[in-house]
Protein chains: 2
Amino acid sequence: MDSITTLLRNRGFKVTPQRLAIYKVLVNTRSHPSAEMIFNDLQPVYPTMSLATVYKTIEILQELGLVQRLNVGEDSFRYDAIVDSHPHIRCLGCGRVDDLEEVDSQEFVKSIDEATSYKITGQQFYFFGYCPVCQKQKKHQN
Amino acid sequence: MDSITTLLRNRGFKVTPQRLAIYKVLVNTRSHPSAEMIFNDLQPVYPTMSLATVYKTIEILQELGLVQRLNVGEDSFRYDAIVDSHPHIRCLGCGRVDDLEEVDSQEFVKSIDEATSYKITGQQFYFFGYCPVCQKQKKHQN
DNA sequence: CTGCATGCAAAGTGTTTGCAGCGAC
DNA sequence: GTCGCTGCAAACACTTTGCATGCAG
């Protein structure tokens, strides 16, 4: 099987409670947390864990292909345990970041691929707007 | 007319040689420079200009809608005087960033807009791959 | 028991801010 | 002449690194 435990061991990484806990946070959320959010999440359970460990672990998880790093135009990165390429949207009112998995972007990618002389290896799509809650609260203008 | 001079004055900003020079760099390039690249470009002509001035000016230019800020997954931002929303691609071999203006993304945006409950106000599309030069030089694997 | 991982603190990087002197108007 | 702008340096926020101690294997 390809559990995180196996993947870590196969690559010569040690399996530590911290690493398992950080990965578990990412797998169990849809909020696309930043390193600090993960750190805060784990504070109650791992009060001695440091932010540096979160960063170091995330880097390994990215290397293993278990996590992808997002840049939704904030000061910090966010992380997603769903590693296939799918569009994301960030609410300009409350800052939440959601997946946009409903739409298939293959066709769009294909048309770009056909139009450019680059050899494309990946892509990131970011949308910005106002979530339903913020629309009601009139946190948006225009 | 809507020259940068007029736009600055209309908003109560002063027209300084530094501001004009920074904007000129952005208008005359397709390389999507970072703040530091702009700073380096101007060193020969404005040897006393500081990086802080570049940042402050760029912020004003963004406010005026003359410049957009890109995040192509590097440590620093890049800037583009072409302000309409168009996809960008960064070469993983040499780091160059190009426009992908050939393809119309309206349809893709529309399909996302119809599928989400967000009110979309903007989007950014980033592609990654290898430019023709780097493909020849085999800077890519696989 | 060995060597990698953790956690702390310090360093690093790009960007922002404060402020005295300067220049646009 | 006024007030905003520049340029310097310091501050900032996030992330990375160095290293002594700790723990997985």
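Quick notes
- When A:TYR126, A:TYR130 are checked against the criterion of being modelled with pLDDT of 95 or more, within 7 Å of chain B (Cβ to nearest Cβ) and touching a Cys at 6+ places or on another chain (Cβ under 7 Å), A:TYR130 stands alone in meeting it.
- Residue check, A:ASP84 more than 16 Å from DNA strand C (Cβ to nearest atom) and without any contact (Cβ under 8 Å) to a residue 40 or more places away in the chain: yes
- None of B:MET37, B:MET49 is in contact with a Leu (Cβ under 6 Å, 6 or more places away or on another chain), more than 10 Å from every other protein chain (Cβ to nearest Cβ) and either surrounded by 13 or more Cβ atoms within 10 Å (Cβ to Cβ) or part of a loop (DSSP other than H, G, I, E, B) (or both) except B:MET49.
- Scanning segment A:67-104 for residues that are within 11 Å of chain B (Cβ to nearest Cβ), out of contact with any strand residue (DSSP E or B) (no Cβ under 9 Å at 6 or more places or on another chain) and of a type outside the set (D, E, K, R) returns a single hit, A:VAL103.
- Some residue of segment A:54-66 being surrounded by 15 or more Cβ atoms within 10 Å (Cβ to Cβ) and either modelled with pLDDT under 95 or charged (D, E, K, R) (or both): no
- Of the numbered criteria (1) part of a loop (DSSP other than H, G, I, E, B); (2) in contact (Cβ under 8 Å) with a residue 12 or more places away in the chain, the one A:ASP2 fails is (2).
- Every test in (1) closer than 20 Å to A:SER111 by Cα; (2) more than 11 Å from chain A (Cβ to nearest Cβ) is passed by B:LYS138 save one, and that test is (1).
- Residues that are exposed (fewer than 12 other Cβ atoms within 10 Å of the Cβ) and either within 15 Å of DNA strand D (Cβ to nearest atom) or within 14 Å of chain A (Cβ to nearest Cβ) (or both), drawn from segment B:1-34: B:THR6, B:ASN10, B:ARG11, B:GLY12, B:LYS14, B:PRO17
- Residue selection: B:VAL54 fails the criterion of being hydrophobic (A, V, I, L, M, F, W, C) and under 27 Å from A:GLY122 (Cβ atoms).
- Scan of segment A:73-110 for residues that are buried (at least 18 other Cβ atoms within 10 Å of the Cβ) and aromatic (Phe, Trp, Tyr), ordered by number: A:TYR79, A:PHE108
- Here A:ALA115 fits the description: surrounded by fewer than 15 Cβ atoms within 10 Å (Cβ to Cβ), at the interface with chain B (Cβ under 9 Å from one of its Cβ atoms) and not polar (S, T, N, Q).
- Some residue of segment B:51-63 being within 21 Å of B:VAL97 (Cβ to Cβ), more than 11 Å from DNA strand C (Cβ to nearest atom) and in the same structural domain as B:THR5 (by TED's automatic domain parsing): yes
- As for segment A:104-122, it holds at least one residue that is basic (Lys, Arg) and not in a helix (DSSP H, G or I).
The values are calculated or read from the model by the stated rules, or taken from the named source; none is laboratory data. These figures come from a predicted structure and were not determined experimentally. Backbone-built Cβ (ideal geometry, glycine too); neighbour counts: all protein chains shown.
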